[in-house]
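Please read the structure below before turning to the comments.
The values are calculated or read from the model by the stated rules, or taken from the named source; none is laboratory data. Predicted, not measured: the structure shown is a model, and the values here were computed from it. With ideal geometry, Cβ positions are generated from the backbone for all residues, glycine too; neighbour counts draw on all protein chains shown. Surface areas here come from the heavy atoms of the whole protein model, side chains and all, with no ligands, DNA or RNA. Shrake-Rupley method; radii C 1.70, N 1.55, O 1.52, S 1.80 Å.
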Amino acid sequence: MGFADQRFNVNLSILFTELPLLERPAAAAAAGFTAVELWWPWVDSPTPARSELDALKRAIEDAGVRLTGLNFYAGQLPGPDRGALSVPGEESKRFRANIDVAAEFAGSLGCTALNALYGNRVEGVDPAEQDALALENLVLAARAADRIGAILLVETLNERESPHYPLVSAPAGVAVVDKVNEATGLGNAKFLMDLYHLSMNGEDLPRVIAAYADRTGHVQIADNPGRGAPGTGTLPLEELLDQLAKAGYEGWVGLEYKPGDRPSAEAFDWLPADARAAR
């Protein structure tokens, strides 16, 4: 096994960002990839104009790539925010306004994974209040995802880079997944296993994989330290992905790393060109 046996997609919100949004799908295709994922592309608006949605849809279709993952509205990302769904007031309203927009856009492209970032803790607000609001909004998101045949992803981040984000361990993320599935009865909430974030938290990655591979709906990778391409740090990513496959994970592996001081098109030398097209 090895890297060549995985199904990779390229995250166009961290790679190819030197290009305008509408040029990135074609750039990923030119690099040999056939699948892409995105954070919510319009950070200032949960409900962009139809013309903007249609333009991105055409860019993806014209490039001949498949959209395999999309975030719900998450506030300023990249930036200070880490989601909106647990933040009382205007941000929660913006998340709710985005639910059907994101689901409809994903469904129009056959995308079957929607990621809902939890949101930071807010000073002066009871964490229990935020968690109750989060569950309400995640239930709404899970039902919207189900309507298009998609899964809802819940992601763990790392405490060093996201000190106000409450889900900073694999068990914490999986616990939220379980609560959502219990509340909806749909079973379509899944864990997003980001190996970079988990490694930054100092977790035992082989143990995490053994415990949670069967509840994982998506995997993302970057090397550590540095959040660069595989081989730029010390994580045994090839071995970890092999372990995931042996544990039964057959989903996508999102390339969510920084290209460094080079064009994104040059940041894939670790992966043979003939292994980039999804099988």
Burial order of peptide ranges 122-128, 224-230 (average beta-carbon count within 10 Å, highest first) = 224-230, 122-128
Accessible surface of the stretch 172-279, 1.4 Å probe, proportion on carbon and sulfur as whole % | 48 percent
Could you order K190, K93 by accessible surface area, starting with the largest, using a probe radius of 1.4 Å?
-> K93, K190
For R66, the residues 5 or more places away or on another chain with a placed amide H closer than 5 Å to its own amide H are A35, V36
Ordered by number, the trypsin sites (Lys or Arg not before Pro) in the stretch 99-170 that occupy a DSSP loop and have at most 12 other Cβ atoms within 10 Å are R160
Could you pull the accessible area for E159 with a 1.4 Å probe, rounded to 10 Å²?
-> 110 Å²
Compute the projected area of the convex hull of the Cα atoms of the stretch 2-89, averaged over all viewing directions, and report it in nm² to one decimal place.
-> 7.0 nm²
When the label point is put 7 Å from the Cα of R262 along its Cα-to-beta-carbon vector, which residues of the stretch 2-37 have a backbone N closer than 13 Å?
-> none
Post the alpha-carbon centroid distance, the stretch 238-267 to the stretch 3-63, in whole angstrom.
-> 17 Å
Per-residue accessible area for T17 at 1.4 Å probe radius, Å² rounded to 10?
-> 70 Å²
For the chain, the per residue accessible area (1.4 Å probe, Å²) is 41 Å²
State the label only: which of [x] 17.4; [y] 13.2; [z] 16.1 corresponds to mean projected area of the Cα convex hull in nm² computed from the shown model?
-> [y]
Kindly provide the helix-only [θ] at 222 nm of the chain, computed as the sum of -39,500 (n - 2.57) over DSSP H runs of four or more divided by all residues, to the nearest 500 deg cm²/dmol?
-> -11000 deg cm²/dmol
Distribution of pairwise C-alpha distances over the stretch 209-277, 10 Å bins, in % | 19, 49, 28, 4
Under a straight-distance cross-link criterion of Cα-Cα below 20 Å, which aspartates and glutamates are reachable from K258, leaving out those fewer than 8 residues away in the same chain?
-> E18, E23, E37, D81, E155, E159, E161, D194, D223, E238, E266, D269
Counting only the heavy atoms of the protein chains, how much of D62 is accessible to a 1.4 Å probe, in Å² to the nearest 10?
-> 130 Å²
